[in-house]
Each structure stands twice: as C-alpha cells, then as structure tokens.
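Below you'll find the structure I mean.
The values are calculated or read from the model by the stated rules, or taken from the named source; none is laboratory data. The model shown is predicted, which means the values in this text are computed figures rather than measured ones. Every residue, glycine as well, gets a Cβ built from its backbone with ideal geometry; the counts of neighbours run over all protein chains shown.
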Amino acid sequence: MPDSKARTPVLELRSHLSVPPSEVFPVLWGELASSLLQRGWRIGSEPGGKLRSAAKRASGRTDGRLERWNPPFEAEVVWNDGDGKGPAPRLSVRCEAEGSGTAVVVEHRGGSGWRGTPREEQELGWLATEVVAPLLLAIAPDRLLEWSDDRWGRRPSGPSSQANYREPIYHLPGFHAILEGLALRKDDVLLEVGCGGGALLKRALATGCRAAAVDHSADMLKVASGQNARALADGRLRLRYGDAGALPFPGERFTCAVMSGVFPWLPDPEGALREVFRTLRPGGRFVAWTGTPKMYGTPAAGPKRTGGPRLYADRALARFARAAGFSDVRIDHPDLRPVAKAVGVPRATRFLFAPEYGTLLWARRGRAASRRSTPKAPGRSRPRGRRERM
Ligand SMILES: C[S@@+](CC[C@H](N)C(=O)[O-])C[C@H]1O[C@@H](n2cnc3c(N)ncnc32)[C@H](O)[C@@H]1O
C-alpha cells in the first residue's frame, strides 16, 4: 500500500529483458509515442519535449512535458498540475542495465487529482480499477491473440512488421498477379488502399504511372515513404494516413485501384469498396488479392476466431463489389506456386499459393468513358487455376 507521508510511488512495474538498454529504450519509447499518437496524443522525444492532446494542439497549450530525457536510460513525463493543490503526477520510464540485459522500471508518483475520500483508499481504488483490471483483461489469451493480429496484419507496427512489410515475401506472388492483370501504363493514376510498407507501390511506380495510397498504420507509412522517397519527391506519389472507410481523396480521381491482403481486416468491406468506387473514374478498374476460407488453420491465418482475419467465399466478395456499385465483377483463383518458388517462398509453405487458397477479385466502375476492356487476368504465370464470372 502506498505511504502518503513518504511519497513512495503509487505504482511500480518491473519487466526484465535479455537485451541491453541501448536496444530496449528506442523501441519502448517509439512504441509508446506511436501508441499515444493513435489515441490522439503527441509526445516529444527531446529534452523538454511536450506532451499534448489533439484538443490542445490548435491553442498551442500543452498537457505536460518531459522533465528528464536521458536515452537510453531514462525519461520522465510530468503532467501539468490540475488544481495546483499537490505534486503534479509524473511517470518515469527507466532502463537499468542488468548483466547483459535490462530491467525496465515504470514508476508513477504524485497526483493532485484525488478528491473526497482518504488518499490511500482512492489510490487503492484507482490501482484496482484503472491499472489491475485492464492488465488482467490485457493478458487474456484472446486479447493477446487480437493484439498480435493487430500488430502483424490489421495495423502493423513495431520493428519486425516494419522489416517484413518492406519486402513481404508472402505477398509478392499476389503483387505479381495484380500487376500482370492491371498492365499499368504511364497515364494511369493508381490508388492503393492499405499500402503497408509500399512494396507493391514501388513495383507499380516502376511502370511510370502516378499513385496515391492510404494506410491507417503510421509505422507502415514510414516504411512506404522510405522506400518510395524518390516518387514522393517527384510528386508522382501521395501517401495519406487514413481509413479505408473514408478515403481522404476526392471522387473520380483514379484510373485503377488495388488492395492486397486488406480484406481480412476490414470491419465493413462493402463500405470500403463504396469508397474505392467513388474515387475511381468511370471505367476505372479494381483488383484485390485475398485468401480463401481454406486458409483458416494454416500458418497464414491461424484458426478461425472472433476478431481474427476474415476470409470470404467468392460469392460474398462478389456481393460486396456489386453492392458497392461495381460491374464486370469476376473472381480468379490463379495458381501462383511457380511465382512463389521464383520469389523464394520456402518449399514447405508454397502450397498456400495453390488456386484453392488465394482469390483475385476483379471489378470495374461502369462502362462509360472506358478506354480499355475488362482488365487482363493474370495469364502467363498461371499454368493452372480457376476463373469464374460471378
Ligand atoms: C496485411 S497488411 C498488407 C499490406 C500490403 N498491402 C501488402 O500486401 O504487403 C494490411 C494493411 O492494410 C492496412 N489496413 C487495414 N485496415 C485498414 C483500414 N481500415 N484503413 C486503412 N488501412 C488499413 C494495415 O494497416 C496494413 O498496412
């Protein structure tokens, strides 16, 4: 129980890692900053750095500041004092060298927002309801699985996702099928929804076309900007932070649009397709690459579970596209095993590129002003496979 006279910490958490502080601190701080950003908060990463909510940004006022900034060992954030009646609440994050590893120590002190009942009782109530209860739920097996789904697929973040989506080997066969079918030209203006690390954009831009892309992961946009820096500088590419359900682009802007590996994570796939339809010019073509329900239970999707990736049957995908306004809706199941082999997918997992595991959804916005017939379906790399008009 905290001792109010001695001002011992209200909360102390320790976590032990086997890597040194120089490796722990930047990741820990980077993750903290991007997690705050997702919640509408910014924190500086320099001496005196500001803590500020979106609400305060316009006024220039701050909510708190970094009182200590001594990477890779320590950072301490102090909130502005609410009512001035007691010490302002502060949180310090320390990385203490421990042998060849690190002890991460998180410590909260102070706080003047307690009212009414005795402070000890309030601190205990706060600890139980605001810290321990959420922690208990955070470690529930389903929540941990959901967290790793988010981190790996729904909104990838962290160093391993950044490294993976720079050149996502398991998505390269899909990229191949998409690009072969789209047959991009210099006068195309491409939209990618959920661009991840920008590896498909890089290949698309090599054709000379222009492009724009949206993603709701700040980490992915960072990777996508890094590997398409030239196209960004030349004004051939625009990258936007945003949601598939409300695309930050005006109507009838693009000649074609793509989505690779995004369908499984969309809460409202039909709504996202309506947005793609809105931003396509008449005659604009659309293609999406996704997995079939047969993928459940494989290493690519894991078991079917609530909150996990959603894999749709052909009919459901075609229904979404039609309901969103598309015509010329078609489903392909190409055999991409030869491509998977060529790009270096390990032999043991190449079966995931057989026709029954992958779907290409093709569609077009109307026919008016179309300068091209139905998009060319992947052919040369598809020695076997199924195609259906839906
Ligand atoms: C599995 S990753 C695929 C990334 C990339 N398209 C590829 O094939 O490598 C899914 C991507 O879609 C993005 N995404 C998922 N849902 C989204 C949404 N509602 N709005 C914007 N982006 C979304 C994720 O942040 C992530 O970058």
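Do we find that residue 298 is within 17 Å of residue 352 (Cβ to Cβ), surrounded by fewer than 21 Cβ atoms within 10 Å (Cβ to Cβ) and in contact (Cβ under 8 Å) with a residue 12 or more places away in the chain in this structure?
Here the answer is yes, as residue 298 does meet what is asked.
Quick check: anything in region 55-69 at pLDDT 95 or above, at negative phi and hydroxyl-bearing (Ser, Thr, Tyr)?
No; the residues of region 55-69 include none that is at pLDDT 95 or above, at negative phi and hydroxyl-bearing (Ser, Thr, Tyr).
Looking at residue 125 and the list (1) away from the ligand (no atom under 16 Å from the Cβ); (2) in a helix (DSSP H, G or I); (3) in contact (Cβ under 8 Å) with a residue 40 or more places away in the chain, which single condition is not satisfied?
Of the numbered conditions (1) away from the ligand (no atom under 16 Å from the Cβ); (2) in a helix (DSSP H, G or I); (3) in contact (Cβ under 8 Å) with a residue 40 or more places away in the chain, the odd one out for residue 125 is (3).
If you don't mind, there's one more thing I want to ask. I'd like to verify a number: residues in region 1-28 that are modelled with pLDDT of 90 or more and within 30 Å of residue 124 (Cβ to Cβ), how many?
Looking only at that region, the number is 7.
Taking the stated definitions as given, is residue 344 crowded, with 19+ Cβ neighbours inside 10 Å and of a type in the set (Gly, Ala, Ser)?
No.
Here is a further query. Quick test of your reading of the structure: residue 230 fulfils all but one of (1) surrounded by 21 or more Cβ atoms within 10 Å (Cβ to Cβ); (2) away from the ligand (no atom under 11 Å from the Cβ); (3) not polar (S, T, N, Q). Name the failing condition by number.
(1)
Does region 53-101 hold any residues that are among the small types (Gly, Ala, Ser) and farther than 22 Å from residue 38 by Cα, and which are they?
82, 84, 86, 88, 97, 99, 100, 101
Can you tell me which residue is farthest from the ligand (Cβ to nearest atom) among those in region 256-281 that are assigned to a strand (DSSP E or B) and touching a Lys or Arg at 6+ places or on another chain (Cβ under 6 Å)?
Step by step, filter region 256-281, then rank; the result is 280.
Looking only at region 147-161, count every residue that is more than 12 Å from the ligand (Cβ to nearest atom) and on the phi < 0 side of the Ramachandran plot and tell me the total.
4
OK, next. Output the residue which, of all residues in region 180-200 that are of a type in the set (Asp, Glu) and more than 9 Å from the ligand (Cβ to nearest atom), is farthest from residue 262 (Cα to Cα).
Among them, the one singled out is 187.
Still on this structure, please answer the following. Which members of region 201-219 meet the condition of being in a loop (DSSP other than H, G, I, E, B), at pLDDT 95 or above and near the ligand (Cβ under 6 Å from one of its atoms)?
216
Next question. Among the numbered criteria (1) in a helix (DSSP H, G or I); (2) in contact with a helix residue (DSSP H, G or I) (Cβ under 8 Å, 6 or more places away or on another chain); (3) among the basic types (Lys, Arg), which one does residue 230 miss?
Failed condition: (2).
Return the total of residues in region 180-200 being closer than 26 Å to residue 356 by Cα and either in contact with a helix residue (DSSP H, G or I) (Cβ under 6 Å, 6 or more places away or on another chain) or assigned to a strand (DSSP E or B) (or both).
5
On to the next question. Residue check: is residue 144 assigned by TED's automatic domain parsing to the domain that holds residue 341, more than 13 Å from the ligand (Cβ to nearest atom) and either part of a helix (DSSP H, G or I) or over 22 Å from residue 219 (Cβ atoms) (or both)?
no
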